[in-house]
Amino acid sequence: MSSHGPAAPMTAHRAGPLTGTAHVPGDKSISHRSLILGAMAVGETRVTGLLEGQDVLDTAKAMRAFGAEVARDADGIWRVHGVGVSGFSEPEDVIDCGNSGTGVRLIMGCMATTPISATFTGDASLRSRPMGRITDPIALFGARSYGRKGGRLPMTIVGAATPVPVRYATPMPSAQVKSAVLLAGLNAPGQTVVIEKEATRDHSERMLAGFGAVVTTEDTDEGRVITLTGQPELKPQTIVVPRDPSSAAFPVCAALITEGSDVLIPNIGLNPTRAGLFATLREMGADLTYENERTEGGEPVADLRARFSDSMQGIEVPPERAPSMIDEYPILSVVAALSTGKTVMRGVKELRVKESDRIDAMARGLEACGVTIEEDEDTFIVHGMGAGGVPGDATAAARLDHRIAMSFLCLGMAAQKPVTVDDAGPIATSFPIFVPLMRELGARLEDEAAR
Ligand SMILES: O=C(O)C1=C[C@@H](OP(=O)(O)O)[C@@H](O)[C@H](O)C1
Ligand SMILES: C=C(OP(=O)(O)O)C(=O)O
């Protein structure tokens, strides 16, 4: 899907307490990987709890285009009949990854070492995002790429007919780049090695091991060194996808900033490479507890309980924590605006190449709502106005970015006057039930088009 139809403006009004239980959908990162590795295994993988958001549905469609069978049962279980690590067939048409950076980058990786070509595109947001970070490492395997200026989509990848294994140090902290290299390494003979200076989310490594690949991780002076032995036969798996901490972040933060709230968010994946926001919120003084901590399917899981916290303090977020909360800075900046003192976020320039330039999108929207901010290329500082202290009364541009849209709707729940987002449509990419779920908790979200 290259566009999602007409803009759907939505307004959030100051809400009464948010209360109850919020069952958020499955993890987006794990959902993409379940479909992709399922397609590269031999036999049938079953996936329960898959995120049925547009990003993941676009990956399902892409896997079908490469020859895997992907189907959803009436009971919501997804079945993927895989074709093996070298079994992809050439797609007959352009692969449209919609809004999804993860989808397009991982899929480019997994087809880069097979002797086929594929052309990729996406929506206006995805077509503006850099793909050189993938085409550089896959060129080392022998793949060629032909894209628009600046390494943008649409882009054709010609896979390597006789791939060689690669040793690659990622130039930026990116699980997408790491994963693309590992997926390409699956069909190269010998050992492919990825070195990352800062640890990023490790779902690919965990899941590759689960599918039977030989993959090792070692922490060294160079950083984290991940070694994969190529050309395994991946064994199909039964996967239960944990619920997404990046989606849980929205009801958690909405409850923390909205007076009187008390919300339970069960079964949230708390892989340490993902849980940086929750650690940060607790350091700010949030009343956020982990209940019923356990391990499920190799991933740590807990129920989160978030209660209104009227004395949160701004902090300096440790820059080395950024990879473990990279998608959570927009909603953190909303919490920061309703805390006292400054929240300083450094080492965050990757935010500039997400679905939108997230520093600019949050900065302009927060300013319109009466909040003072400071920014440079790699830094974002929010001056808190205290609980209940943000005027609101503004419209923020969502810029085809689900996390920007959800962040400003959460701000509207706690601001003095309503906050409108010009388009809530992009929310469907990662959290299609966000609006009904938040309304069920007590949020006042008004669909402007319906008025
Ligand atoms: O690997 C993944 O599933 C993801 C990695 C992150 O991107 P980068 O690798 O670009 O940091 C993150 O922002 C994205 O939402 C999901
Ligand atoms: C950055 C994100 O996703 P992607 O890169 O997959 O588009 C996100 O979900 O916040």
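The values are calculated or read from the model by the stated rules, or taken from the named source; none is laboratory data. This is a predicted model, so every value here is computed, not measured. Backbone-built Cβ (ideal geometry, glycine too); neighbour counts: all protein chains shown.
Hey, can you tell me all the residues within segment 363-385 that are in a loop (DSSP other than H, G, I, E, B), touching a helix residue (DSSP H, G or I) at 6+ places or on another chain (Cβ under 8 Å) and under 16 Å from residue 416 (Cβ atoms)?
The first filter runs over segment 363-385 and keeps only residues in a loop (DSSP other than H, G, I, E, B), leaving 369-371, 377-378, 384-385.
Among the residues that remain, those that are also touching a helix residue (DSSP H, G or I) at 6+ places or on another chain (Cβ under 8 Å) are: 369, 371, 377-378, 384-385.
Of everything in segment 363-385, those that are in a loop (DSSP other than H, G, I, E, B), touching a helix residue (DSSP H, G or I) at 6+ places or on another chain (Cβ under 8 Å) and under 16 Å from residue 416 (Cβ atoms) turn out to be 369, 371, 384, 385.
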Q. Out of segment 143-182, which residues are within 26 Å of residue 205 (Cα to Cα), surrounded by fewer than 19 Cβ atoms within 10 Å (Cβ to Cβ) and more than 16 Å from ligand 1 (Cβ to nearest atom)?
A. 144, 158, 161, 162, 164, 167
Q. Looking only at segment 110-133, which residues are touching a Cys at 6+ places or on another chain (Cβ under 9 Å) and part of a loop (DSSP other than H, G, I, E, B)?
A. 122, 123
Q) Hey, among 113, 121, which residue is modelled with pLDDT of 95 or more, farther than 27 Å from residue 212 by Cβ and assigned by TED's automatic domain parsing to the domain that holds residue 171? A) 121
(Q) Exactly one condition in (1) within 14 Å of ligand 1 (Cβ to nearest atom); (2) surrounded by fewer than 24 Cβ atoms within 10 Å (Cβ to Cβ); (3) of a type in the set (A, V, I, L, M) is false for residue 107; which is it? (A) (2)
Q. Among the residues of segment 217-236, is there at least one that is in a loop (DSSP other than H, G, I, E, B), without any contact (Cβ under 8 Å) to a residue 24 or more places away in the chain and not assigned by TED's automatic domain parsing to the domain that holds residue 378?
A. yes
Q. Which of the residues belonging to segment 334-381 are within 14 Å of ligand 2 (Cβ to nearest atom) and among the polar types (S, T, N, Q)?
A. 356
**Q.** Condition met for residue 358 (among the charged types (D, E, K, R), touching a residue at least 40 places away in the same chain (Cβ under 8 Å) and crowded, with 24+ Cβ neighbours inside 10 Å)
**A.** yes
Q) Name the residues in segment 392-423 that are closer than 22 Å to residue 27 by Cβ and more than 16 Å from ligand 1 (Cβ to nearest atom), would you? A) 409, 410
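Hey, can you tell me all the residues within segment 304-328 that are more than 16 Å from ligand 2 (Cβ to nearest atom) and either modelled with pLDDT under 95 or part of a helix (DSSP H, G or I) (or both)?
319, 320, 321
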(Q) Among the listed residues 93, 136, identify the single one that is away from ligand 2 (no atom under 16 Å from the Cβ) and part of a loop (DSSP other than H, G, I, E, B). (A) 93
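Within segment 228-242, identify whether any single residue is within 13 Å of ligand 1 (Cβ to nearest atom), crowded, with 17+ Cβ neighbours inside 10 Å and not basic (Lys, Arg), and answer yes or no.
Yes - at least one qualifying residue is present in segment 228-242.
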Q | Residue among 218, 205 that is surrounded by fewer than 24 Cβ atoms within 10 Å (Cβ to Cβ) and under 18 Å from the mean Cα position of the chain (by Cα) | A | 205
(Q) Residues that are in contact with a Pro (Cβ under 7 Å, 6 or more places away or on another chain) and within 30 Å of residue 387 (Cβ to Cβ), at least 3 per element: which strands (runs of 3 or more DSSP E) completely within segment 2-89 meet that? (A) 10-13
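Only one residue in 280, 343 is under 25 Å from residue 402 (Cβ atoms), touching a strand residue (DSSP E or B) at 6+ places or on another chain (Cβ under 8 Å) and part of a helix (DSSP H, G or I). Which one? Quick ask: steps written out before the conclusion?
Values: 343 fails: part of a helix (DSSP H, G or I).
The match here is 280.
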(Q) Taking the conditions exactly as written (within 18 Å of residue 429 (Cα to Cα) and either in contact (Cβ under 8 Å) with a residue 60 or more places away in the chain or in contact with a Leu (Cβ under 7 Å, 6 or more places away or on another chain) (or both)), does residue 84 satisfy them or not? (A) no
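Determine, yes or no, whether residue 311 is within 16 Å of ligand 1 (Cβ to nearest atom) and touching a residue at least 60 places away in the same chain (Cβ under 8 Å). First the steps, then the outcome.
Details: within 16 Å of ligand 1 (Cβ to nearest atom): no; touching a residue at least 60 places away in the same chain (Cβ under 8 Å): yes.
Answer is no for this residue.
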Q) Looking at (1) within 16 Å of ligand 2 (Cβ to nearest atom); (2) in contact (Cβ under 8 Å) with a residue 40 or more places away in the chain; (3) among the aromatic types (Phe, Trp, Tyr), can you tell me which one residue 120 breaks? A) (2)
